[in-house]
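These notes concern the structure reproduced below.
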């Protein structure tokens with residue numbers, strides 16, 4: 001039985017021709033056997049032609065809805081012009097009307113609506129020719145609602161199908177948007193991780209390399225300096241490991257593995273640690289002029305971390321690219337609306353460093369610096385100084401929080 005149903009679904013035209021064949025046979029019996037002096041049935045040829053066109057219309061209604069509608073129009077015209085009696089094939093035309101109303105061809109649906117509204121009145125016009133307007137009105141009023149029902153049901157089915165199609169399209173669009181948002185979130189997280197790793201590893205490894213190189217040169221003649229350099233390498237390595245553990249702890253906490261209860265894992269460096277950072281750089285052999293202006297205050301976490309990372313990246317680049325004998329200057333100023341930061345050196349500058357390209361991988365640190373500043377809605381500029389060297393300047397919004405009033409009137 002399932003094979004029969006599958007065959008009928010794959011071949012709708014033979015299926016429609018088959019189930020409508022009994023209706024066609026009954027109509028032909030009426031055409032050839034009908035004889036009434038009260039209600040003439042019209043010529044036989046007209047009845048046969050009406051039956052044939054109606055059968056062809058219902059057969060093509062699903063495979064060729066456009067030609068099926070034109071055959072329906074031709075059937076109605078032949079029915080009226082030939083004065084054919086109301087045959088059972090009218091049921092086939094109603095099926096075609098319902099199919100047209102439910103189908104995608106809007107002109108076919110509108111044509112079907114016009115037929116079901118005008119058809120009963122055209123069919124009843126014979127009563128006007130016989131001088132019986134009352135019968136004309138009664139027949140038209142009774143047949144019009146009956147012929148209109150298939151069109152209404154078909155149009156409702158089309159509307160419902162379009163509604164569900166719109167829901168499916170919306171669900172698919174939302175799913176695509178969610179996938180896109182997930183990809184963007186993953187890309188942003190990867191960028192953040194890369195930025196953190198660069199800032200932690202590049203600075204610490206740079207200090208360790210400088211100290212290790214210095215230790216190699218001082219081993220024979222200055223063992224005391226060698227021990228100090230090795231201690232600096234050890235201290236910097238421990239600090240790098242600590243910061244790496246903090247970063248991994250934050251990532252695990254973000255993934256829901258639970259390190260929120262560890263204060264060390266949640267702590268991040270800020271302006272308070274800039275002085276310590278400067279001391280470490282000085283110990284590595286770079287002369288740094290450190291200035292703090294204004295009244296220090298608590299900053300938002302993102303701004304505080306950005307301040308530290310900018311100074312860290314600027315000093316790391318100075319050690320890598322400024323050359324021997326260079327000096328650096330770092331200035332941090334607190335204002336009422338922002339935190340201003342300047343880090344510069346008097347070294348060789350980017351003209352010797354490769355026209356703006358950094359030797360640590362194509363400027364990843366500067367890119368990360370700009371991304372950090374953009375996240376806190378600040379501004380940053382970097383480039384060569386007029387007298388030589390390199391300069392980084394940033395302004396990070398951090399307005400002073402005024403104390404809240406208790407709402408009481410002092411007067």
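General remarks:
- Some residue of segment 142-160 being more than 28 Å from residue 22 (Cβ to Cβ), modelled with pLDDT under 90 and surrounded by fewer than 16 Cβ atoms within 10 Å (Cβ to Cβ): no
The rows are residues; the columns are (1) free of Cβ contacts under 8 Å to residues at least 24 places away in the same chain; (2) exposed (fewer than 14 other Cβ atoms within 10 Å of the Cβ).
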| residue | (1), (2) |
| --- | --- |
| 32 | yes, yes |
| 43 | no, yes |
| 47 | no, no |
| 84 | no, no |
| 97 | no, no |
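- The set of residues in segment 288-333 that are over 23 Å from residue 268 (Cβ atoms), modelled with pLDDT of 85 or more and in contact with a helix residue (DSSP H, G or I) (Cβ under 7 Å, 6 or more places away or on another chain) comprises 326, 328.
- Only one of 94, 117 that is assigned by TED's automatic domain parsing to the domain that holds residue 52, in a helix (DSSP H, G or I) and under 21 Å from residue 23 (Cβ atoms): 94
- Every residue from segment 311-341 that is outside any strand (DSSP E or B) and more than 13 Å from residue 390 (Cβ to Cβ): 311, 312, 324, 325, 335, 336, 337
- Test: residue in segment 1-16 that is assigned by TED's automatic domain parsing to the domain that holds residue 113, over 22 Å from residue 127 (Cα atoms) and modelled with pLDDT of 90 or more: no
For (1) outside any helix (DSSP H, G or I); (2) farther than 24 Å from residue 15 by Cβ, each residue gets a yes or a no:
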{"residue": "57", "(1), (2)": "no, no"}
{"residue": "84", "(1), (2)": "yes, yes"}
{"residue": "104", "(1), (2)": "yes, no"}
{"residue": "107", "(1), (2)": "no, yes"}
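- Test: residue in segment 297-315 that is surrounded by 14 or more Cβ atoms within 10 Å (Cβ to Cβ) and over 16 Å from residue 373 (Cβ atoms): yes
- Across segment 347-386, the number of residues qualifying as modelled with pLDDT under 80 and closer than 21 Å to residue 287 by Cα comes to 5.
The values are calculated or read from the model by the stated rules, or taken from the named source; none is laboratory data. For clarity, every value in this text was computed on a predicted model and none was experimentally measured. Glycine also receives a Cβ, built like all others from the backbone with ideal geometry; neighbour counts cover every protein chain displayed.
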